[in-house]
1. Filter the range 86-127 down to residues that are among the aliphatic types (A, V, I, L, M) and more than 18 Å from the chain's Cα centre (by Cα) and give me whichever is surrounded by the fewest Cβ atoms within 10 Å (Cβ to Cβ).
2. Among (1) closer than 26 Å to residue 138 by Cα; (2) at pLDDT below 70, where does residue 86 come up short?
3. State the number of residues belonging to the range 217-240 that are touching a helix residue (DSSP H, G or I) at 6+ places or on another chain (Cβ under 8 Å) and either of a type outside the set (A, V, I, L, M, F, W, C) or not in a loop (DSSP other than H, G, I, E, B) (or both).
4. Answer with yes or no whether residue 160 is aliphatic (A, V, I, L, M), in a helix (DSSP H, G or I) and either under 32 Å from the mean Cα position of the chain (by Cα) or farther than 15 Å from residue 262 by Cβ (or both).
5. When you scan the range 95-135, how many residues do you find that are touching a residue at least 24 places away in the same chain (Cβ under 8 Å), in a helix (DSSP H, G or I) and of a type in the set (Ser, Thr, Tyr)?
6. Is it fair to say residue 257 is modelled with pLDDT of 55 or more, in a helix (DSSP H, G or I) and polar (S, T, N, Q)?
7. Within the range 140-152, can you find the residues that are under 12 Å from the mean Cα position of the chain (by Cα), without any contact (Cβ under 8 Å) to a residue 60 or more places away in the chain and either surrounded by 14 or more Cβ atoms within 10 Å (Cβ to Cβ) or not in a helix (DSSP H, G or I) (or both)?
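The values are calculated or read from the model by the stated rules, or taken from the named source; none is laboratory data. None of the values given here were measured: they were computed from a predicted structure. With ideal geometry, Cβ positions are generated from the backbone for all residues, glycine too; neighbour counts draw on all protein chains shown.
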Amino acid sequence: MNQTKLLALVVLASFFIAAIPVVAEETAAPQTLRERYIAAKTSYVQTKQAYLNAVQDWQNFKQAFRNRDRQAFLKAQNFLDKGTKHLIQYLNVLSKKVEETKALSAEKQTALTTELSGYIATLETDQAQINNASTVEEIRAATNKTKVDWDTIRPQVKRIIGEVLLAKAELIVARADNASAKVDAKIADLKSKGKDTADLEAKNAEFKSRIASAKDKLAQAKAKLADVKTGDATVNLRAADQFIREANRSLRDMYASLGQIIHDIRLVETGKSEPLPANTTELSETPVSPEEAS
């Protein structure tokens, strides 16, 4: 019912209400037609004013709710915009990290940065949809779209982090292989000079075994990361994470062995004992470690 119809009913009702006391009092104190008219008009004016006051109160009430809802909408929109912007910036930083990682080949760097650019473009589209939303329904749809996209992107981002880590670890192992070849040559030289190298040979064998263990764990981690693209991302990331942790232990043991061998070679050569070199080889994070952003 619109306001015009409601007002008409209020006017009609006011005349009926005003007439009640007039009829009831006619036997005691009859009123003139003029008096009854004035009484009815006074009642109508009072009723109308009460109605107009109620209308104003209702308009104020609705406006207060509209203002509150609008402020809540804008705050939600700002929150979602900033959150999506944060994810985009996170991917930009990761892309720069990939470009700076010398352990990756140029071809691999291009592949990974191109992949990340695609993810960034997807989130930028989502961000534009959030900022262009003008209704609660539109902001809800934009939010759901962003969540679905990020749920798809996130495991692949973890995979990329894992691939960067593996590239660094493989470079460390390659250097260990070179060190092992030098140790072989040095032991052979010492043996040719009549030095006792039995202990060195045993430690060198242990060093080679730890290199092999690190290679094996890294290979298994790489296979699991490759499966993230097509298989169960959560299962494969957790498996890759475990293999990288095991490879990390092998890398620490590997360099501890190398440090001991270098120490013993110098001892055999000079007869002097020197402090063991510090072990600085350790991976700082794994594919499913907590992320800075997400």
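1. Step one: list which residues in the range 86-127 are among the aliphatic types (A, V, I, L, M), which gives 87-88, 91, 93-94, 98, 103-104, 106, 111-112, 116, 120-121, 123.
Next, from what is left, pick out any that are more than 18 Å from the chain's Cα centre (by Cα): 98, 103-104, 106, 111-112.
Numbers: 98: 22, 103: 16, 104: 21, 106: 7, 111: 15, 112: 22.
Checking each candidate, the answer is 106.
2. (2)
3. Start the filter on the range 217-240 by keeping residues that are touching a helix residue (DSSP H, G or I) at 6+ places or on another chain (Cβ under 8 Å), which leaves 217-218, 220-222, 224-225, 227-229, 233-234, 236-237, 239-240.
Then keep just the ones that are either of a type outside the set (A, V, I, L, M, F, W, C) or not in a loop (DSSP other than H, G, I, E, B) (or both); that gives 217-218, 220-222, 224-225, 227, 229, 233-234, 236-237, 239-240.
The number of residues fulfilling the criteria is 15.
4. Values: aliphatic (A, V, I, L, M): yes; in a helix (DSSP H, G or I): yes; either under 32 Å from the mean Cα position of the chain (by Cα) or farther than 15 Å from residue 262 by Cβ (or both): yes.
Spelling it out, residue 160 is indeed aliphatic (A, V, I, L, M), in a helix (DSSP H, G or I) and either under 32 Å from the mean Cα position of the chain (by Cα) or farther than 15 Å from residue 262 by Cβ (or both).
5. 3
6. Numbers: modelled with pLDDT of 55 or more: yes; in a helix (DSSP H, G or I): yes; polar (S, T, N, Q): yes.
For residue 257, the condition - modelled with pLDDT of 55 or more, in a helix (DSSP H, G or I) and polar (S, T, N, Q) - is met.
7. 149 - this is the single residue of the range 140-152 that is under 12 Å from the mean Cα position of the chain (by Cα), without any contact (Cβ under 8 Å) to a residue 60 or more places away in the chain and either surrounded by 14 or more Cβ atoms within 10 Å (Cβ to Cβ) or not in a helix (DSSP H, G or I) (or both).
Each row is one residue, and each column tells you yes or no for (1) over 27 Å from residue 225 (Cα atoms); (2) among the small types (Gly, Ala, Ser); (3) modelled with pLDDT of 95 or more.
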residue	(1), (2), (3)
120	no, no, yes
133	yes, yes, no
137	yes, no, no
175	no, no, no
